[in-house]
1. How big is the charge dipole of the chain about its Cα centre, in debye rounded to the nearest 20, if each Lys and Arg gets +1 on its Cβ and each Asp and Glu gets -1 on its Cβ?
2. Is the shape of the chain rounded, prolate or oblate, going by the alpha carbon gyration tensor and its root eigenvalues a ≥ b ≥ c, with a/c under 1.5 for rounded and a/b larger than b/c for prolate?
3. Rounded to whole Hz and in sequence order, give me ³J(HN,Hα) for segment 55-64 from the Karplus expression 6.51 cos²θ - 1.76 cosθ + 1.60, θ = phi - 60°, writing x for Gly and Pro.
4. In the neighborhood of residue 65, defined by Cβ-to-Cβ distances under 13 Å, what is the net charge if each Lys or Arg adds +1 and each Asp or Glu adds -1?
5. Please state the charge dipole magnitude for segment 206-266, taken about the Cα centre, from unit charges on C-beta atoms (+1 on K and R, -1 on D and E), reported in debye and rounded to the nearest 20.
6. Summarise the long-distance tail of P(r) for segment 2-113 by giving the % of C-alpha pairs beyond 24 Å.
7. Calculate log10 I(q)/I(0) of segment 128-170 for q = 0.29 Å⁻¹, where I(q) comes from the Debye formula with a single equal point scatterer on each Cα and nothing for solvent.
8. Take 87, 174 and order them by how many other Cβ atoms sit within 10 Å, fewest up front.
Amino acid sequence: MLVLLDQTRLPAEEIELVCTDVPALVRAIQTLAVRGAPLLGITGGYGVALAAARGFDVAEAAGLLEGARPTAVNLGYGVRRVAAAYWAASGKGEGDEAAAAAALAEARALHREDAQASRRMAEYGQALLEELLPGRAYQLLTHCNTGALVSGGEGTAFAVALRVHRQGRLRRLWVDETRPLLQGARLTAYEAARNGLAYSLLTDNAAGSLFAAGEVDAVLIGADRIAADGSVANKVGSYPLAVLAKYHHVPFIVVAPTTTVDLETPDGTSIIVEQRSGQEVTELTSPQGVSANGGGGIVVAPLGAPAYNPAFDVTPPELITAIVTEEGAISPVTGVGLAELCARSSQVTIS
């Protein structure tokens, strides 16, 4: 079985979700009980190992897991990597038990590597901030959730803020609430509070006034897929922040492991953006889809109102100051620079 922290219950409750088969794990991924690009890769890998251990059809399980969410490229990477380890062991005639053990070992290796990548991204990100904004304490703005809840370690963008905090250099972390499912309010604020960061929560549409007042020194976000040209798909609302940052001459920094880079996706227009239910926009609901009192959601739009609800948007490379990975940072962001950066890693994602 695979035991997950059910992120839909945070911050009110810390509840474990037990998945004993692949369909249950797919539901957990699709309902956002588990989420965040690096963690989806780890979860997908463990899902393949679960299928192998339980004697399920590994090829079918891999297909179900990889298709659970289309935008986050790490999910497919983790699934394919662990499935490859399973098939390699199986092809050697080692038997089902040995193949299942090989799959689990590969999933655990992926988990360890992501934790190591998280630590290195934090180091490179902090060094970049010092280079761009030397000798000062920072007011950092972040969007969605990029901490330990999305990673095998302490996260991606949030890990940078956490390292800055531990060095006594964080004046404030500005946390976008991240509508419509409030991953910033529910999850990033939760992690900031647990780690003792000075933080303030703001509505997404209040960010512009912060920039105008000079209260943002840098923007730090994660990524769900980075195309070969450096275009970045991240939680919807990231692109407007990049535009604001560009106008106000504020660094806009993307922090993500190289497993998030997909060199087979040529540019931002080729990224498949997940479209979610309009009900998430037209009703105020909990992430589980019900209101706090257990009934239906609170309707905030006319009955039958159509809604546009992309889970992600895409930021072009010319709006990005730097991309930080566990292999270092690139700035300016170009396809050539990204390819050279990824060549240093054995973990480049190939679709």
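Every number here is computed from the coordinates shown, using simple stated rules; none is lab data. None of these values were measured; they are calculated from a predicted model. With ideal geometry, Cβ positions are generated from the backbone for all residues, glycine too; neighbour counts draw on all protein chains shown.
1. On the way: 26 positive and 37 negative charges, 140 e Å.
Here the size comes out at about 680 debye.
2. oblate
3. Using θ = phi - 60°, the values come out as x, 7, 5, 5, 4, 5, 4, 4, x, 5 Hz.
4. On the way: positive: 27, 69, 80, 81; negative: 21, 57, 60, 66.
Summing Lys and Arg as +1 and Asp and Glu as -1 gives 0.
5. Values: 3 positive and 6 negative charges, 26 e Å.
Here segment 206-266 has a charge dipole of around 120 debye.
6. Numbers: 1204 of 6216 pairs.
The share of Cα pairs beyond 24 Å in segment 2-113 comes to 19 percent.
7. -1.04
8. Working: 87 16, 174 21.
Listing 87, 174 from fewest to most nearby Cβ atoms yields 87, 174.
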